[in-house]
1. Within the range 322-337, track down each residue that is under 29 Å from residue 207 (Cβ atoms) and either within 20 Å of the chain's Cα centre (by Cα) or touching a residue at least 40 places away in the same chain (Cβ under 8 Å) (or both).
2. So, residue 202, is that one away from the ligand (no atom under 13 Å from the Cβ), modelled with pLDDT of 95 or more and surrounded by 24 or more Cβ atoms within 10 Å (Cβ to Cβ) or not?
3. Please name all residue pairs, on different chains or six or more residues apart, with Cβ atoms under 8 Å, provided the first residue is in the range 199-220 and is within 20 Å of residue 314 (Cα to Cα) and the second residue is at pLDDT 95 or above and loosely packed, with under 15 Cβ neighbours inside 10 Å.
4. With respect to the numbered conditions (1) farther than 30 Å from residue 354 by Cβ; (2) touching a strand residue (DSSP E or B) at 6+ places or on another chain (Cβ under 9 Å); (3) assigned to a helix (DSSP H, G or I); (4) within 16 Å of the ligand (Cβ to nearest atom), which one is the sole condition not fulfilled by residue 95?
5. Going residue by residue through the range 329-339, is there one that turns out to be surrounded by fewer than 18 Cβ atoms within 10 Å (Cβ to Cβ) and part of a helix (DSSP H, G or I)?
6. For the range 21-36, give me each residue that is free of Cβ contacts under 8 Å to residues at least 24 places away in the same chain and either assigned to a helix (DSSP H, G or I) or more than 24 Å from residue 327 (Cα to Cα) (or both).
7. Mind checking which residues of the range 55-66 are in a helix (DSSP H, G or I) and surrounded by fewer than 18 Cβ atoms within 10 Å (Cβ to Cβ)?
8. From the list 89, 84, pick out the single residue that is away from the ligand (no atom under 16 Å from the Cβ), within 21 Å of residue 244 (Cβ to Cβ) and not in a helix (DSSP H, G or I).
Ligand SMILES: Cc1ncc(COP(=O)(O)O)c(C=O)c1O
C-alpha cells in the first residue's frame with residue numbers, strides 16, 4: 001500500500017469503507033466542497049426533502065387538521081423511541097421536544113426542586129455557555145440559595161477526574177455536564193461520573209449534543225438520571241430542529257415540569273381548567289410541537305439506526321486518528337497544536353487544532369484563493385479550528401485535501417490576506 005500521507009492511501013481507505021454507501025443518501029450539490037461542520041449543522045439527507053415535502057403538501061395541504069390524528073400527535077413519542085435506541089434508553093424514556101436549552105431548564109428545575117436540601121450544582125468550565133447560562137438563571141430563580149461550582153480544566157482540553165471526585169459531595173444536588181465538550185471534544189466516562197455522583201446521592205444530567213449519533217451511548221447501563229441533546233448536529237435534523245429529553249423511568253413521577261402546558265396535561269382535549277399532570281415522559285411536554293421541523297428528523301434517525309452506531313464510531317475513530325496523523329506530519333511545529341485529547345477513547349468525533357491565527361485560517365479555508373477547494377470548518381474562540389468528522393458522509397480523501405490546504409495556508413501565510421473582523425456567526 002502507498003505511503004500513509006499520500007492521496008492514494010486516502011482513496012484506498014475510502015474504497016474499503018463499509019459505510020461509503022451512505023454519502024449518496026445526502027444532498028451534495030457541490031461535490032468539491034469539503035464540509036467539516038456536521039458537528040454543528042448536519043448535511044441534508046435526500047429522503048428528508050421528500051419527507052418534509054410530503055408533510056407540507058399532503059399532510060398539511062391535503063389532510064389539514066386531520067393529520068393530527070393521522071400521526072402528528074404521536075410524532076414526539078415515535079421519534080423519541082428511535083432516539084432511545086441510539087442513546088441506549090427504554091422507549092418510554094425519551095421524547096422530542098423544544099430546544100436543548102429549554103429541555104435543560106425544565107429538567108434542571110425539576111432536579112433542584114426534588115433535591116431540596118442540597119444546594120450545589122456542579123458543572124465544568126468547558127461546558128456549552130447556554131448550559132451555564134441556564135444554570136446561572138436557575139440559581140437566581142431559586143433566590144441564590146444554590147452555588148454553581150465549575151470543575152476547572154487544567155489545559156482547556158481535558159478534565160482531571162480526581163478533581164471531579166474531590167468536588168462531588170453530600171451537598172451536591174446535580175452534576176450537569178456535556179458528555180463531549182463542544183470545543184475540545186473531550187469525552188467523559190459517563191458510567192464512572194454517574195456512579196460517583198450517585199454514591200453521594202446526587203443526580204446527573206448529561207448534555208449529549210456532541211455525542212449523540214457519533215458515539216455509542218448507553219444511558220441504561222450508566223443508570224443515568226436525565227439527559228438532553230440537539231438533533232441538528234450528527235442527527236442531521238436540520239437548522240433549529242427540536243431537541244430531545246430523557247428521564248429515567250423511575251424518576252419521571254418525581255420530577256416536576258416547571259412549564260406545565262396543555263401538551264403535558266393528562267387529556268388536553270378535555271380542556272379542563274385545572275392542570276392534571278400526565279403520567280410518564282409526556283408530562284415534560286409543554287405546547288404544540290413544530291410538526292414540520294420534527295418530521296425532518298425521521299429519515300435521518302432511520303439512517304443512523306441503519307448504519308449502526310458501532311460502525312459509525314469505528315469510522316469516526318479511524319478518521320479522527322487519520323486527521324491527527326496528517327496534522328502531526330504537516331502542521332505541528334508551525335504554530336499549530338492539538339486542541340483535543342490525543343487518544344480516541346477520550347474524545348468525540350471532532351478535532352480542534354489550535355493556532356493564534358485560527359480565525360483567519362478558518363476564513364482562508366472557507367473563502368480560499370483560486371485553485372483551492374472550499375473547506376468548511378468552524379472557529380471557536382479564542383484559537384480553535386474545529387474540524388467535524390461525520391462518518392456517514394465525510395471521506396478520507398476530503399480529510400486529506402483539507403489538511404493539505406491547511407498546510408499550504410500555514411506555509412505561505414495565506415491567512416494574512418484576510419481581515420481579523422469577526423462575522424456574527426463563526
Ligand atoms: C452542547 C450544547 N448544548 C446546548 C446547545 C444549545 O442548543 P439550543 O440552541 O438548540 O438550545 C448547544 C448548541 O450548539 C450545544 O452545542
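1. Pass one, the range 322-337, residues under 29 Å from residue 207 (Cβ atoms): 322-324, 327, 336-337.
Listed by number, the residues that qualify are 322, 323, 327, 336.
2. Details: away from the ligand (no atom under 13 Å from the Cβ): yes; modelled with pLDDT of 95 or more: yes; surrounded by 24 or more Cβ atoms within 10 Å (Cβ to Cβ): yes.
Spelling it out, residue 202 is indeed away from the ligand (no atom under 13 Å from the Cβ), modelled with pLDDT of 95 or more and surrounded by 24 or more Cβ atoms within 10 Å (Cβ to Cβ).
3. 216/310
4. Looking at each condition in turn, residue 95 falls short on (3).
5. Yes, the range 329-339 contains at least one residue that is surrounded by fewer than 18 Cβ atoms within 10 Å (Cβ to Cβ) and part of a helix (DSSP H, G or I).
6. If we filter the range 21-36 for residues that are free of Cβ contacts under 8 Å to residues at least 24 places away in the same chain, which is where we start, we get 21, 24, 27, 29, 31.
Matches in the range 21-36: 21, 24, 27, 29.
7. As a first pass, look at the range 55-66 and keep what is in a helix (DSSP H, G or I): 55-62, 64-66.
Across the range 55-66, the qualifying residues are 56, 57, 58, 60, 61, 62, 64, 65, 66.
8. Details: 84 fails: not in a helix (DSSP H, G or I).
Just a single option satisfies the conditions, and that option is 89.
The values are calculated or read from the model by the stated rules, or taken from the named source; none is laboratory data. These figures come from a predicted structure and were not determined experimentally. Virtual Cβ from ideal backbone geometry, glycine too; neighbours counted across all protein chains shown.
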